[in-house]
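> Here you go, one structure.
The values are calculated or read from the model by the stated rules, or taken from the named source; none is laboratory data. Nothing here was measured: the structure is a model prediction, and the numbers come from that model. Every residue, glycine among them, receives a Cβ derived from its backbone with ideal geometry; neighbour counts consider all protein chains shown.
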Amino acid sequence: MITPKTVLGFLLFQKDSILCIASSRSARWLGLVFVLSAGLAREYDGEYLIGEPWHLVLPLAASVVGCIALTLLVGLLSWSRMVRDVSLLTKFGAMLNVYWMTAPMACLYALPFERLMSPDLATRANLTLLAIVSVWRVTLMIRCVSVLFGASLVAASMPVMVFCLAIGYAALQLIPSPVFMIMGGIRLTESEEIILGTRMWLIAGGVLTAPIWLIGYMICCSIKSPWKWALDELEDRNHPVSMTTWILALISLLFLTPFLPRTQREQWLRWQAEKLILAGSFDELSKFTQEHYATELPPHWDPPPRIGYGETKPELISAALAIHLTDPADWFWKLYLDKLKRKDIHFRFESVMNTLDETQLGGFIELFDTLGISEWHAREIDEWIEESLDGKPLPQQRRELLIKIQELCKAKEAESKELPSLQELL
C-alpha cells in the first residue's frame, strides 16, 4: 500500500519506498496528479491559463520526453552491465514512476515571492528555491537509479548528470533570458543582472564539468561488473494507493484554486494589454490603462518590448512616442519612461526616424531630455539630420521638425562642452 508515509520516505531517499513506488502501476497515476499540480504551482500567477492552456500541458510533455532520454542513457549503461533480460519498456515504466514522484518538490514554486519582495529580492529567492529543488531532485534520481539497478552511487550519477547537462543546455536555449550586451546601450535592471549572472555561471559550470560526466559515463559503460534489476526480487508488486494519499494528492492539485480568481484576472489583464501593444492599438491601450490601476496587473509587470531580453517588437521609440501621444494613465507611461531611460536611442536611429510621422516627431521633441541622449550620440544625430536636409526634398513641416531636433542636439553638445574636464577636476 502506498501511503503518505511511503511518499515521504521516497522523497527522503528510503530504499523500500523507492522500490514500492517503482513497481506500482497505481503510483504512475498518483505521479501524474503531482506533475499537474506542480505545473499549476509554477504558472498559476505567471500565465493566463484560460487563453494559453498549453502552459499546463508543457511540463507533462517535457517530463515524458525527459524520462525517455534518461531511460535510454540508463538503459544503455545497464545493458553493458548485463541487465539484458529486462525490456526497455519495463525500465521506462519504473523510471517514469520515480521521475513523476519527484514532482511534489516543485509545488514549492507556488510561493509568491513577487508579492512579498522587491523585484531583485524576489528573483534571488526564486533562483535559490530553484537551486534547492533541482539539487534535491537530481540527488533523488541518482539514488533511484542506484536502488533499481543495484549500482554504486558514482556509477548511477554518470547517466543522471549527462542527462542534466542535456536538459540544462536545452533550457538555456529555449527559455528567454537577459542578453549579455557589450557596448549595447542597454542598462539591465538588478533582477536581469542576477538572472544573467546565474546563467553565465551555469554555462561555465556546464562547460567545465561536461568532460568529467561524459568521460565518466563512457568509462562506466566499458566496465563489466554486473548490475541487477532490483524489482525482480520483489514478491509483491501490487501496491495500490491508499485513499488518504489520493486525497492529499488532490489537495495538492486544488489548494491553489482559491487564489486563481485574483491571479488569473491579473494575467488576463496583462494578456489583453500586451495584445494591444503588439498590435499597435495604442488608442485602445490608452483607454485600457485609464480604466485600470497598476495594482490590477501582475506585480513587477514589464510590458513589451523587454529590452533587457533583446526583444525588438514593438520598436521601443516608435511605441513610446505613439503611447505618449494617446495620453495614457500615469502609472503605465512611467513603465515606458523607465525603459527609455535604460536604453540609449541612437541605435538604429535612422531606421526609427524614417518611420515617424510629423506628429510623432513632435512627440520626440517633447521627450528629448527624457530619452537620455549623450553628447556623442547627439553629434551623430546632428550629422544624420544634416545629411537628410541636404538630400532628398522633404515636406516643410518635417523639415522644420528635423531642424528643431538638430538645434536640441547642438544645445546638448554645447552643454557638454561647458562641463569641466576630468583633468580640470583633478
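> Residues that are over 19 Å from E233 (Cβ atoms) and touching a strand residue (DSSP E or B) at 6+ places or on another chain (Cβ under 9 Å), at least 3 per element: which helices (runs of 4 or more DSSP H) completely within region 1-44 meet that? Outline the logic, then answer.
Values: elements: 4-11, 15-23, 25-43.
Because the criterion is at least 3 residues that are over 19 Å from E233 (Cβ atoms) and touching a strand residue (DSSP E or B) at 6+ places or on another chain (Cβ under 9 Å), the helices (runs of 4 or more DSSP H) in region 1-44 that meet it are 25-43.
> Next question, about the same structure. So, of the residues in region 187-215 that are over 20 Å from L172 (Cα atoms) and free of Cβ contacts under 8 Å to residues at least 60 places away in the same chain, which turns out to be farthest from the chain's Cα centre (by Cα)?
I215
> Report whether or not T295 is crowded, with 16+ Cβ neighbours inside 10 Å, out of contact with any His (no Cβ under 6 Å at 6 or more places or on another chain) and modelled with pLDDT of 80 or more. Break it down stepwise before answering.
Details: crowded, with 16+ Cβ neighbours inside 10 Å: no; out of contact with any His (no Cβ under 6 Å at 6 or more places or on another chain): yes; modelled with pLDDT of 80 or more: yes.
Here the answer is no, as T295 does not meet what is asked.
> Restricting the search to region 220-253, which residues are modelled with pLDDT under 90, part of a helix (DSSP H, G or I) and not hydroxyl-bearing (S, T, Y)?
Passing the criteria: C220, C221, A230, L231, D232, E233, L253.
> Another one. Conditions: (1) without any contact (Cβ under 8 Å) to a residue 60 or more places away in the chain; (2) surrounded by 14 or more Cβ atoms within 10 Å (Cβ to Cβ). V162 meets all but one. Number of the miss?
(1)
> Kindly indicate which of L130, L76, L108 is surrounded by fewer than 19 Cβ atoms within 10 Å (Cβ to Cβ) and more than 26 Å from the chain's Cα centre (by Cα). Walk me through how you get there before you give the answer.
Details: L130 fails: more than 26 Å from the chain's Cα centre (by Cα); L108 fails: more than 26 Å from the chain's Cα centre (by Cα).
From the options L130, L76, L108, the qualifying one is L76.
> Which one of the conditions (1) buried (at least 19 other Cβ atoms within 10 Å of the Cβ); (2) in a helix (DSSP H, G or I) does E274 fail to meet, given that it meets all the rest?
So E274 meets the others, but not (1).
> Okay, moving on. List pairs: first residue in region 74-94 and without any contact (Cβ under 8 Å) to a residue 60 or more places away in the chain, second residue of a type in the set (D, E, K, R) and assigned to a helix (DSSP H, G or I) anywhere in the structure, Cβ distance under 6 angstrom, at least six positions apart or on different chains.
G75/K91
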